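The values are calculated or read from the model by the stated rules, or taken from the named source; none is laboratory data. This structure is a prediction, so every number in the text was calculated from the model and none was measured. Glycine also receives a Cβ, built like all others from the backbone with ideal geometry; neighbour counts cover every protein chain displayed. We work out accessible area using only protein heavy atoms, side chains counted, and drop any ligands, DNA or RNA first. Shrake-Rupley method; radii C 1.70, N 1.55, O 1.52, S 1.80 Å.
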Amino acid sequence: MKYQSQAYTHSQSKKVGVLITNLGTPNAPTKSALRDYLKEFLSDPRVVEVPRLIWWCILNLIILNIRPAKSAEAYKRVWTDEGSPLAQITQAQCKAIAKDITDEWGSQVVVEWAMRYGTPSISGQLQKLFDQGVEKLVVLPLYPQYSAATTGSTFDAIAEDFQQRRWLPELRFINQYGDHQGYVEALVRSIQAHWDKFGRAEKLIFSYHGVPLRYLHQGDPYHCQCLKTTRLIAEALGIKENEYMTTFQSRFGKEEWLQPYTDKTLEALPQSGVHSVQIICPGFSADCLETIDEIGFENKEVFIHAGGERYEYIPALNDSDTHIRFLSGLLKQQLVDWIQPEEDGSLREKRYLSSTHNTKSE
């Protein structure tokens, strides 16, 4: 095996690294860029658990010839002069987290961000961290609830990269935080701030990304963790069971997915007498195509067309102060026992040379 190399000297400062990750985004809202992105994303066996040969044929002969053009049109609706909303927000989160942590601990901690699919890649950002002297690493996938298709896949990418390296850092991996008190409080404040400004609707809907139902039966905890996040927020808000509900969005294919489906629920609510809704997506740490376009526009059209009168999307926490404080605090819990008083580099090199001399003398 040929291992990846990295810049390293025995006298360099030992640093602690943080890598925050999110799902990914195409490099441009074009058919060709979407084809590349979707091929990488949908080729992941964690994302689509179908026998590889069968799925290869479906993906390459059907999906990649049809879906890129449609997806490109959707991305064009949310694209900005700065690029993809998800990339912009994740970068802003990284910058804010880095400032908060380094304000307290200085240059010992290096913070970078990466995407599971697309750029910047996990492997490339790991190399960037190691080239800066990182010897201990905390990875935080920005998925509040664990799923094999998201958090599990991120760990796969880390492990795949590490298989190519001779030297490995100490590693800590945060695999979920959807029930953390700080996260729940941040969401509660966001909802309450929306209510203070616009008033309450008849129904508050918590919409999460969907996965096939069989994943639940096979042991994936995602569904249960989503329900727990909803319950904790509802309890903190003091709302009754008939005032909120949990739904699941973004299914594709003929297989049964987690229910109730968000779009079908919104279509049915006006017939049951509910004509105003507010919807929030606690499974998303940053707004992206799925929240901005699917939830913010497509599902609004479904609801209004079915007879609904008032539809409001409550944005993700993004790089809000409460969210950054929570994420920084979560990371600091993992970092605190790794932080050491900084030592002069020349002294560290002398200690290394001295220990080498003593070993040779023995």
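Listed values, structure above:
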read-out: Formal net charge of residues neighbouring V134 (Cβ-Cβ distance under 13 Å; K, R +1; D, E -1); value: +2
read-out: Per residue accessible area of the chain, 1.4 Å probe, in Å²; value: 49 Å²
read-out: Carbon + sulfur, % of accessible area of the chain - ligands and nucleic acids excluded, 1.4 Å; value: 52 percent
read-out: Distant-in-sequence amide H partners of V111 (H built 1.01 Å from N, under 5 Å); value: V18
read-out: Enclosed volume per residue, in Å³, of the convex hull spanned by Cα atoms of the stretch 1-137; value: 142 Å³
read-out: Heavy-atom accessible area order for E49, E309, largest first, 1.4 Å probe; value: E309, E49
read-out: DSSP beta bridges in the chain [antiparallel fraction, %, rounded to 5]; value: 5 percent
read-out: Most fluctuating residue given options K300, K197, K95, as computed from a GNM of the chain linking Cα atoms under 10 Å; value: K197
read-out: Fraction of beta bridges assigned by DSSP in the stretch 1-140 that are antiparallel (%, nearest 5); value: 5 percent
read-out: Degrees, to the nearest 10: 345-361 long Cα axis against longest axis of the chain; value: 60 degrees
read-out: Of K99/K300; K70/K332; K76/K254; K264/K332; K15/K76; K228/K300, those spanning more than 32 Å from alpha-carbon to alpha-carbon; value: K99/K300; K70/K332; K264/K332; K15/K76
read-out: For the stretch 268-318: relative contact order, % (alpha-carbon pairs under 8 angstrom, 6 or more apart); value: 59 percent
read-out: Amide H partners (placed H, <5 Å) of L23, local residues excluded; value: R116
read-out: Principal-axis tilt of helix 153-162 within the chain, Cα atoms, nearest 10 degrees; value: 20 degrees
read-out: Rounded if a/c under 1.5, otherwise prolate or oblate - the stretch 212-301, Cα gyration tensor axes; value: rounded
read-out: Counting all C-alpha pairs of the stretch 95-220, share separated by more than 24 Å (%); value: 46 percent
read-out: Relative contact order of the chain, defined on C-alpha pairs under 8 angstrom at six or more residues apart (%); value: 22 percent
read-out: Rounded, prolate or oblate (a/c below 1.5 giving rounded, otherwise prolate when a/b exceeds b/c) for the stretch 140-277 by Cα gyration tensor; value: oblate
read-out: List F248, F297, ordered by accessible area with a 1.4 Å probe, largest first; value: F297, F248
read-out: For the stretch 89-219: relative contact order, % (alpha-carbon pairs under 8 angstrom, 6 or more apart); value: 19 percent
read-out: In degrees, nearest ten, helix 181-198 long axis to first principal axis of the chain (Cα); value: 40 degrees
read-out: Given (i) 53, 53, 29; (ii) 53, 47, 47; (iii) 86, 50, 43, the label whose value is Cα extents along the principal axes in Å derived from this model; value: (iii)
